[in-house]
Amino acid sequence: MRTVLVTGSDTGVGKTHAVAALARLLATDGARVQLVKVVETGRAAGTSVEGDAACARRLSGVEVSAITLATFTAPLAPAAAARAEGVEISFAELVEKTRALPACDWRIVEGAGGIATPLDAQGRDWADFAVAIAADATVIVVPDRLGAINQSRLAYARAVERELHAGVWLNATSVVDAATATSNRDGLAAAGVPVWAEQEHDALRVKQPEKVRANLLEEASGVGRVIPNAPVGLGPLDDTESQRRVRDNPPYLETAAELPAAAEKFPRRFQRILAERAQQGLLRSLRVTDPREDVLNLADNDYLALARDPAIAAAVAAAVSEHGASASASPLITGWRAPHERLVGELCGWHGFGSGLLWNSGYAANSAVLSLLPARGDLVLADRLIHHSMIAGLLRSGARLQRYEHLRLEHLEEMLTRAAPSGRTIFVVTESVFSMDGGFPDFARLAELKRRFGFQLIVDEAHALGWYGPEGAGLVRAAGVEATVDVLIGTLGKTLASGGAYTLFRDPVVRDYLVNFAGEFIYSTALSPINAAAASAALARVRILAAQQTEWQKFSRAFRARLQAGGWDAPDGDSPVVPVRLDSADAAVSLARALREKGILAAAVRPPTVPAGTSRLRFSLKRTFDEAAATRVLAAMAEWRMEQ
């Protein structure tokens, strides 16, 4: 999630219109956008008069949420408006309320008045608030008229003093003559004040939207950040006594004497968030699992039931004897051993790729690949239900992300058709078997789209390995389109009965690039040689067992049919991932608990892992799953339903 604070050089500068334009820009890729008015003055609580957040939502014309945290009647600065009603604003409480809001992709927080407008009796302002909520970017709205240079320099100086990643949003609150517009831009450039956006009069769109997104996504480099051409007094390098005092005494602490009290408050900031999640039935917790032989485990991802295979255990024992229990160093020091190199060669041969890397987890692999390969100016088109790890990487990349409807390649084709004339580099990102619903795309059609549009194709095969394809090499291989995939991501911790992940590359220069720039690879202790040896042994078993694929797929279809016949909401298909949709998160948890009491493990999957309203029980089938196991599961489910 990224947070943008929208403030201004003064009141009446058009912040709400800027928020609406920003919301429209950020929501065009299907992102969840949240508009938050922290404090609104000049509007009585409970009145029917439209507030700023609701107004921005209406003007944006897109589906976003709108939230107002505090409202005061008097049209004054927040601290003064609160005092007029006999109350004091709690800076800490506003920060906590903002942090506790529901998760989203973009949170746009609108201030009241200008950036230096005091929020509380201690004089803490919106620049302090941006620091306290860890805003990724601060937008300063300035009217595009005479006086804009002065107002921008003063407001931006306050942002720089608090070392914020900030820029000016020039908003034409009235028609601007050409001479004034040119003068403003030349003057701000000479003063070293960055102009992030330009909004024309009576327009709810900004010029150069890609530039706006790029500025918002750009990472601030922190203390000592150099601002090009910044005049003396604007930058953090001019270390005045006042700036040192601000840095040494953060705005949310009055004096050093408050440190113990602040330390006590720290854990409590999470209590409210956790309590709200518990009320929604979404609280997660750890539970020790007892791997008894009489337990039917349909919750893990050991699809080919190899985690306790004797041949793999023997390979692990041999690796421990030869290489010890840990790699004990990063891959670029001494952590890359013979088992790693051997496994990469075997994986490349299995999938038909030329080079590859190993990672400590699938999350690390996806995050690294998708944060480094797409770049600012590129366009990424991703299936709406891709892994969280993929989204996390893409949000770091600076590329523009747009999501197409789940598995609807006709929607992807429409987006490609619109984007093709731009000439930009385009990435398409998908999973093969989707981890939460078990469906998969039409890879033949996807390959045809690649031939037509020439995009870079990245596929995560984590949940298809073993279950599909010649020698169990996955759906891409099953469809015969492996030559069209540029980067293939796979896991060692599911079918391959080990831990970690791998990425394979069509062009070895991509591998070399990640070796040099992927922090997840460079700065982590290498995957244990034990994991590499276990995966090699498992891969040999998978290649043999894959001849039985048609039987496993047949049992998946039969189990789904029996679920449907019993009145359960289960989709058609033959993958090992079988979801059963339920009415609520509570129902998913209750059913999973009832099955566990009967020795059957299934995963209760709830938001935010899946979209709101789609809680489910998720069965992960194994090659050993048979009719007797299906009967046992269905009987337990029927008994639970009768008790509801």
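Read-outs: derived from the displayed coordinates by stated rules, not from any lab. Quick caveat, the model's predicted, so the values are computed rather than measured. Cβ: placed from backbone, ideal geometry, glycine included. Neighbour counts: every protein chain shown.
Quick notes on this structure:
- Gap separating the Cα centres of segment 271-297 and segment 320-391, nearest whole Å: 30
- In this label model, residue 65 and residue 417 are separated by 3.5 nm, measuring between points 7 Å along each Cα→Cβ vector.
- Note: segment 534-644, Cα convex hull, 122 Å³ per residue.
- Reachable lysines from residue 15, criterion Cα separation under 20 angstrom, eight or more residues apart if same chain: 37, 207, 211
- Ellipsoid fit via the Cα gyration tensor, the chain: semi-axes of 49, 29, 25 Å, each the root of five times an eigenvalue, largest first.
- Segment 396-461-segment 532-555 distance, computed between alpha-carbon centres (Å): 29
- With Cα atoms, 0 to 90° folded angle of helix 409-419 axis to the chain main axis: 40
- Inter-site label distance for residue 174 and residue 288 at 7 Å from Cα along Cβ, in nm: 7.4
- Calculated log₁₀ intensity ratio I(q)/I(0) where the Debye formula runs over C-alpha points of segment 432-471, q = 0.14, 0.15, 0.21, 0.29 Å⁻¹: -0.37, -0.42, -0.75, -1.03
- For the chain, the antiparallel share of DSSP beta bridges with both residues in that region comes to about 30%.
- By average C-beta atoms within 10 angstrom, highest first, the peptides 91-103, 456-468: 456-468, 91-103
- At q = 0.09, 0.14 Å⁻¹, base-10 log of I(q)/I(0) for segment 2-248 (Debye sum, equal scatterers on each alpha carbon): -0.36, -0.91
- A simple count of charges around residue 448, restricted to other residues whose Cβ falls under 11 Å of its Cβ and scoring Lys, Arg +1 and Asp, Glu -1, yields +2.
- Residue-normalised convex hull volume from the C-alpha trace of segment 419-528: 131 Å³ per residue.
- Cα-Cα separations in segment 310-545 greater than 29 Å, expressed as whole percent: 25
- Straight-distance crosslink candidates among lysines, where the alpha carbon sits under 24 Å from residue 598 and sequence neighbours closer than 8 are dropped: 622
- Theoretical FRET efficiency, 1/(1+(r/R0)^6), r = Cβ-Cβ of residue 270 and residue 638, R0 45 Å, to 0.05: 0.70
- The distance between label points at residue 523 and residue 442 comes to 4.5 nm (points 7 Å beyond Cα on the Cα→Cβ vector).
- Within segment 310-545, percent of DSSP bridges classed antiparallel, to nearest 5: 35
- Fewest neighbouring Cβ atoms within 10 Å first, the residues 418, 107, 337, 272 line up as 418, 272, 337, 107.
- For segment 347-436, the mean projected area of the C-alpha convex hull, equal to one quarter of the hull surface, is 6.7 nm².
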